[in-house]
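Quick note: the coordinates plus some simple rules give every number you see, no bench work behind them. Here the structure is a predicted model, which means the values were calculated and not measured. Cβ atoms come from the backbone with ideal geometry, glycine included; neighbour counts cover every protein chain shown.
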Amino acid sequence: MRFLAYKPTAQMSREKVISPLPHIRGMAMRRLTPEEAREVAREHGLIPARVRGTRVVQLVKRMSDKFEPISWEEFFAILEEKELAVYVSKSGYVKIMDRYAQEGWGF
């Protein structure tokens, strides 16, 4: 699922970049490196998984019939392919979003 309808360009204003994300507007989110994402996931008890039969990835606490576990390498390869990244808020909220969603807006 893509949360951003377009990639921001230099001429776009700050408001235009954030407005497609109303559910996180005003929430400072920081893009994580793969190493940081692994550490945050470990701290929150999350594991990388794929929705069975798809290329949709999530970080989940519990496996179910809906998910199949995948390696971190496959997880990050799919994120790269889909131009997604793992983000975290100051409060520890973890989200997978378009990698351009909050570029340069970290805390």
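Assorted remarks:
- Note on A28 and V51: their simple-model spin labels are 3.3 nm apart, each label 7 Å out from Cα toward Cβ.
- Taking N as the residue count of region 29-98, its C-alpha radius of gyration divided by 2.2 N^0.38 Å amounts to 1.03.
- Extension gain, S71 to K90: 0.36 nm times the residue separation minus the Cα-Cα distance gives 4.2 nm.
- Each of E81 and Q58 was given a label point 7 Å from its Cα along the Cα-to-Cβ line. The distance between the two points is 1.9 nm.
- Surrounding net charge for V40, when Lys and Arg each add one and Asp and Glu each subtract one, Cβ distance under 15 Å: +3
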